[in-house]
Structure formats: structure tokens, C-alpha cells
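Notes for the one structure printed next.
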Amino acid sequence: MSDKRPFDQEKTRAAASEARASAQKPCESPLFRALPATGAQRDAILKRAEEMPSHCRNTYLRAMSGKSRNAGIRAFCRMCLGWLSKSQITDCSDPSCPLYCYRPFQTK
């Protein structure tokens, strides 16, 4: 059994590495195909998606494809706060923001 365990760990590491590599390519996401067809806008969206953390990309691409207004608000809040976590969005300290009343992750 001890011979099998290191192999399984290597296989798991390889699978995790492959998953990270695919997560870093926003142009392969099905959401990317739904983006506006204009070249300049699509290029700008792709460039911004590559610069952001991978855990925020799907929300951003869904927002930019026009499929979800909630995703647009969530993506804007995360961009504004430097791609921070949900808890920091909840504690937003800018009541003058037009989206302050609509910010995600609030407790009601």
C-alpha cells in the first residue's frame, strides 16, 4: 500500500496543476463565446479577465456577456475593492456609491 500512495499523490498534484492551467485561460470558457462580437471590446474584456484572480473570472465574464445583472454588480464590487472576498464587500464603506444599496452578500 505504501507504493501506491506516492503515485496517487503525484496523480492528484498533476490533476490540480492541469485544473489551474485551464482556469487561467478565460478564452476557453463557454461564457467567453457569449461576449460581444466587436474585436476591440472583446480584446479589452479578455485582457482584464487575464489580469484578475481566477476565482473572479466566471462572474466577470457572465456580467460582460449580459447574462446577469447580479453578476455585473458583484463583479463591479469586487473590482472596486481590489478583488477581495465576500466579507469585505459586505463591509463596504462607501455609501455614496450608486450600487451601495444593491451590493451583494448583505445580511437583511
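The slack between Ala40 and Tyr100, meaning 0.36 nm per residue of separation minus the straight C-alpha distance, is 18.6 nm. Per-residue packing, averaged as other Cβ atoms within 10 Å, sorts the ranges 52-63, 82-93 into the order 52-63, 82-93, beginning with the highest.
Values in this text are rule-based calculations from the coordinates and carry no lab data. Since the structure is predicted, the reported quantities are computational estimates derived from the model, not experimental observations. When we count neighbours, we look across all protein chains shown, and the Cβ atoms used for this are built from the backbone with ideal geometry, even at glycine.
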